[in-house]
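Reading through the structure tokens given below for one structure.
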């Protein structure tokens with residue numbers, strides 16, 4: 001199998017910068033997609049899959065990414081739980097902590113649709129518990 005080209009490595013790093021990924025997050029993302037720990041260990045085809053996923057193209061990983069509606073629903077549930085910052089925006093660090101503890105993902109941005117559904121059900125249960133505690 002052919003190893004990843006230098007041009008592909010540059011493209012992956014450029015896309016990571018555009019997406020706001022630091023090196024640790026990039027390597028975790030690549031590991032999640034390919035089970036390889038280093039970009040240098042990728043094959044040409046694995047690099048294509050990573051690039052396609054980062055560009056949001058349908059196929060290997062992009063089609064299974066959390067939907068826009070799921071993201072909005074999670075944000076609404078976070079507001080119900082008062083998991084918001086002072087400016088009213090969702091507290092992504094708190095969500096990341098919840099996702100890491102419950103589902104083993106280091107960053108909520110990499111949730112699949114299936115994981116997002118589980119997160120939604122978990123947050124709904126927390127919101128129901130909070131409502132029942134406040135009504136007592």
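Quick note: the coordinates plus some simple rules give every number you see, no bench work behind them. All values reported here derive from a predicted model rather than from experimental measurement. We place every Cβ from the backbone using ideal geometry, glycine too, and count neighbours over all the protein chains shown.
Extending 7 Å from the Cα toward the beta-carbon at both residue 79 and residue 118 defines two label points whose distance is 2.7 nm. Fully extending the segment from residue 37 to residue 135, taken as 0.36 nm per residue of separation minus the present Cα-Cα distance, adds 30.4 nm. Neighbour counts of other Cβ atoms within 10 Å put 65, 17 in the fewest-to-most order 17, 65. Helices in the chain, meaning DSSP H runs of at least 4 residues, each add -39500 (n - 2.57). Divided by all residues, the mean residue ellipticity at 222 nm is -20000 deg cm²/dmol.
Counting neighbouring beta carbons within 10 Å and listing from fewest to most, the residues 112, 34, 5 come out as 5, 112, 34. The distance linking the stretch 70-84 with the stretch 93-136 is 9 Å (Cα centroid to Cα centroid, whole angstrom). Tell me, Kirkwood radius of the chain from alpha-carbon pair distances, in Å? Kirkwood hydrodynamic radius for the chain: 16.5 Å.
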